[in-house]
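The values are calculated or read from the model by the stated rules, or taken from the named source; none is laboratory data. Predicted, not measured: the structure shown is a model, and the values here were computed from it. For neighbour counting, all protein chains shown are included, and Cβ atoms are generated from backbone atoms with ideal geometry for every residue, glycine included. Surface areas here come from the heavy atoms of the whole protein model, side chains and all, with no ligands, DNA or RNA. Shrake-Rupley method; radii C 1.70, N 1.55, O 1.52, S 1.80 Å.
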Amino acid sequence: MAKDMSYEGLNARKTEIMQAAIGVDYNAFELPGIGFDYERMMREAGYPMEKMREIQRSHAVGDTPLIELRNLTRLARRYAPAGKGARIFLKDEACNISGSFKARRASISLYQAKEKGYKGVICATSGNYGAAVAAQAALYGLKCIVVQECYDSRKVGQPEILEKQRICEAFGAEVVQLTVGPELFTTTLKLLEETGYFNASLYTPFGIAGIETLGYELVEQCRQIAGRDPDAVVCTNAGGGNITGTCRGVRKAGCGARMIGASIDLRGLHMASDHDFNRKSFTTGHTGFGMPFMTWPDRSDCPRNAARVLRHMDAFYLVKQGETFYITEALACLEGYERGPAGNTSLTAAFSLAQQMDRDQIIVVQETEYTGAGKHPMAQLSFARQSGIDIRFGNPDGDRPGESIILPEDPGQIRARPYDLDACRRSYVKNCVNNYHMTAASEEDIQFIMDETREDRSFVTEELRKHGVAV
């Protein structure tokens, strides 16, 4: 009997398809009720730190330099109160094969695919991860399909996305190009079932564990260069894997640095909207990904998402598009590093946060990304202007996503704006209730939500009661 390949039919089989395509029995980690054993999953499905470093080093990944940004530090100190202005360091992940930290995720995922005997790999992404998977697939001799949302309904694509499409094809991948909408996930399911390829998802335990080496390395390097641990580590936040993996690595290195997430403020734009798709200048590292994944991580293409932001993030800040373009230019002009704007989201936040920290403290920006013709700020801003976005210099606080991009008139206007993580935690509890149709919560359920939100029992039970759940 032929399988039902409709949208409804594929999604009805999604857990079965994903489990076969990852080679992990997620059922083994499920707990009674709503929870699962996250740490056991990471421990048993992943690899020890030294094994991962060995895998990555043999495939042109890792050991990227940690650089002190002395000129940007001096500039930040011009705007800081007396005695303030922490030293800013940058982990230059653009030095990885494929040009971003995503190579760390891909290297471990594709090692797993090769070990398990898969003939090829598939990933769904419009970003740097596709390039990372394609590059590693070339090294491992595996077939590669990258599924990308490239266009709106007029077949118009942003220069950044089209650049990423180009680089995936350059590494030998087949790129399946889609317009924006729900077909991305369904098309991926269909291809996984038809090909029997490995699901090189961003959100497997392998993909997240691969980033742990980044956090571990930056602590080692900071100790070697500065003789001490960093006080804060800033990570650009989108789907949550970046800060999850980095934090786990930092903690495994015995470092208690404050883990800070940063996203571009694109609130008000709907990421699945055909109208809004090309009205944003950043395709990743923004609130359109960050907020949904933070408040419900299990919306991913895995039965259980290994990226659990609220377990790892100590603080969350938003920056504006114009501020990030400005810092991208400042990094090039003051430090001699031309890097892609999306990777500079965390640098923008760090420039502001450094001004609030003591001069003898250290803040580390944990990644950069490669740049290219489509990623360059001029290409992005030109496309935005062609799309009807008002671009001007002024106060970035007046920025309106989808309507305007305001470049700072002065670097002192750049601000990291704190976002209330408790609001995200409350949204997470609400999503638990709605998605699991909860009417009552066991002690195991309560403990799981406490672990997920890093909140105490009274917070969790109060939120559950608000939604009519018996505790």
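Please work out which residue is farthest from THR295 (Cα to Cα), limiting yourself to region 240-263 and to residues that are assigned to a loop (DSSP other than H, G, I, E, B) and open to solvent by less than 10 Å² (accessible area, probe 1.4 Å). Break it down stepwise before answering.
Within region 240-263, the subset assigned to a loop (DSSP other than H, G, I, E, B) is 240, 253-257.
So of that shortlist, the ones also open to solvent by less than 10 Å² (accessible area, probe 1.4 Å) come out as 240, 255, 257.
Numbers: GLY240: 11, CYS255: 26, ALA257: 24 Å.
Among those residues, the one meeting the criterion is CYS255.
How many residues, within region 71-90, are open to solvent by 10 Å² or more (accessible area, probe 1.4 Å), touching a strand residue (DSSP E or B) at 6+ places or on another chain (Cβ under 7 Å) and under 19 Å from THR345 (Cα atoms)? Reasoning before the result, please.
Restricting attention to region 71-90, the residues satisfying the condition of being open to solvent by 10 Å² or more (accessible area, probe 1.4 Å) are 71, 74-75, 77-84, 87.
Filter again for touching a strand residue (DSSP E or B) at 6+ places or on another chain (Cβ under 7 Å), leaving 83-84, 87.
From the residues that got through so far, the ones that are under 19 Å from THR345 (Cα atoms) too are 87.
The total comes to 1.
Step by step: first the residues of region 192-218, then only those that are surrounded by fewer than 20 Cβ atoms within 10 Å (Cβ to Cβ) and touching a residue at least 40 places away in the same chain (Cβ under 8 Å), then the one that is nearest to ALA272 (Cα to Cα). Which residue is that?
Residues of region 192-218 that are surrounded by fewer than 20 Cβ atoms within 10 Å (Cβ to Cβ), as a first pass: 193-196.
Going one step further and asking which of them are touching a residue at least 40 places away in the same chain (Cβ under 8 Å), we end up with 193, 195-196.
Working: GLU193: 25, THR195: 27, GLY196: 28 Å.
Only one residue tops the list, namely GLU193.
Can you confirm whether GLU462 is surrounded by 13 or more Cβ atoms within 10 Å (Cβ to Cβ), charged (D, E, K, R), part of a helix (DSSP H, G or I) and touching a residue at least 24 places away in the same chain (Cβ under 8 Å)? Walk me through it before giving the result.
Values: surrounded by 13 or more Cβ atoms within 10 Å (Cβ to Cβ): yes; charged (D, E, K, R): yes; part of a helix (DSSP H, G or I): yes; touching a residue at least 24 places away in the same chain (Cβ under 8 Å): no.
No, not satisfied.
Test PHE393 against the criterion of being in a helix (DSSP H, G or I) and open to solvent by 20 Å² or more (accessible area, probe 1.4 Å), and give yes or no. Break it down stepwise before answering.
Values: in a helix (DSSP H, G or I): no; open to solvent by 20 Å² or more (accessible area, probe 1.4 Å): yes.
No, not satisfied.
Name the helices (runs of 4 or more DSSP H) wholly within region 302-388 that hold at least 1 residues that are crowded, with 19+ Cβ neighbours inside 10 Å and acidic (Asp, Glu)? If you could, list the steps in order and put the result at the bottom.
Working: elements: 321-335, 345-354, 377-386.
Here the list reads 321-335.
Out of GLU93, GLU115, which single residue is open to solvent by less than 20 Å² (accessible area, probe 1.4 Å) and either free of Cβ contacts under 8 Å to residues at least 12 places away in the same chain or under 26 Å from PRO230 (Cα atoms) (or both)? Can you show your working first?
Numbers: GLU115 fails: open to solvent by less than 20 Å² (accessible area, probe 1.4 Å).
After ruling out the rest, the residue left standing is GLU93.
If I ask for residues that are more than 24 Å from THR188 (Cβ to Cβ) and either touching a Gly at 6+ places or on another chain (Cβ under 7 Å) or acidic (Asp, Glu) (or both), which ones from region 18-64 would you list?
ASP37, GLU39, GLU44, GLU50, MET52, ARG53, GLU54, GLN56, ASP63 - these are the residues of region 18-64 that are more than 24 Å from THR188 (Cβ to Cβ) and either touching a Gly at 6+ places or on another chain (Cβ under 7 Å) or acidic (Asp, Glu) (or both).
So if I check each of VAL176, VAL180, which one is more than 29 Å from PHE29 (Cα to Cα), out of contact with any Cys (no Cβ under 7 Å at 6 or more places or on another chain) and without any contact (Cβ under 8 Å) to a residue 60 or more places away in the chain? First the steps, then the outcome.
On the way: VAL180 fails: without any contact (Cβ under 8 Å) to a residue 60 or more places away in the chain.
Going through VAL176, VAL180 in turn, just one is more than 29 Å from PHE29 (Cα to Cα), out of contact with any Cys (no Cβ under 7 Å at 6 or more places or on another chain) and without any contact (Cβ under 8 Å) to a residue 60 or more places away in the chain: VAL176.
Could you list all residues from region 419-459 that are under 30 Å from LYS320 (Cα atoms), surrounded by 13 or more Cβ atoms within 10 Å (Cβ to Cβ) and not aliphatic (A, V, I, L, M)?
TYR419, CYS424, ARG425, ARG426, SER427, TYR428, LYS430, ASN431, GLU452, THR453, ARG454, GLU455
For the list (1) without any contact (Cβ under 8 Å) to a residue 40 or more places away in the chain; (2) crowded, with 18+ Cβ neighbours inside 10 Å; (3) not in a helix (DSSP H, G or I), I need the number of the one condition that LYS155 fails.
Every condition holds for LYS155 apart from (2).
Which members of region 34-62 meet the condition of being modelled with pLDDT under 95 and touching a Ser or Thr at 6+ places or on another chain (Cβ under 8 Å)? Quick ask: steps written out before the conclusion?
Applying the first criterion (modelled with pLDDT under 95) to region 34-62 yields 43-48.
Scanning region 34-62 gives a single hit, ALA45.
Among the residues of region 32-50, is there at least one that is part of a loop (DSSP other than H, G, I, E, B), surrounded by fewer than 13 Cβ atoms within 10 Å (Cβ to Cβ) and of a type in the set (Asp, Glu)? So that I can check it myself, show each step before the final result.
In the first step, residues of region 32-50 are kept if they are part of a loop (DSSP other than H, G, I, E, B); the result is 32-35, 37, 46-48.
Next cut, surrounded by fewer than 13 Cβ atoms within 10 Å (Cβ to Cβ) only: 32, 48.
Narrowing further to those that are of a type in the set (Asp, Glu): none.
The answer is no, given that none of the residues of region 32-50 is part of a loop (DSSP other than H, G, I, E, B), surrounded by fewer than 13 Cβ atoms within 10 Å (Cβ to Cβ) and of a type in the set (Asp, Glu).
Would region 409-417 turn up any residue that is among the small types (Gly, Ala, Ser), over 26 Å from the mean Cα position of the chain (by Cα), surrounded by fewer than 15 Cβ atoms within 10 Å (Cβ to Cβ) and within 30 Å of ARG74 (Cβ to Cβ)? Break it down into steps so the answer makes sense when it comes.
Just the residues of region 409-417 that are among the small types (Gly, Ala, Ser), to begin with: 412, 416.
Pick out the ones that are also over 26 Å from the mean Cα position of the chain (by Cα) and you get 412.
Filter again for surrounded by fewer than 15 Cβ atoms within 10 Å (Cβ to Cβ), leaving 412.
From the residues that got through so far, the ones that are within 30 Å of ARG74 (Cβ to Cβ) too are 412.
Yes; the residues of region 409-417 include at least one that is among the small types (Gly, Ala, Ser), over 26 Å from the mean Cα position of the chain (by Cα), surrounded by fewer than 15 Cβ atoms within 10 Å (Cβ to Cβ) and within 30 Å of ARG74 (Cβ to Cβ).
Report yes if GLU163 is closer than 30 Å to PRO377 by Cβ and modelled with pLDDT under 90, otherwise no. Talk me through it step by step, then tell me what you get.
Working: closer than 30 Å to PRO377 by Cβ: yes; modelled with pLDDT under 90: yes.
It is true that GLU163 is closer than 30 Å to PRO377 by Cβ and modelled with pLDDT under 90.
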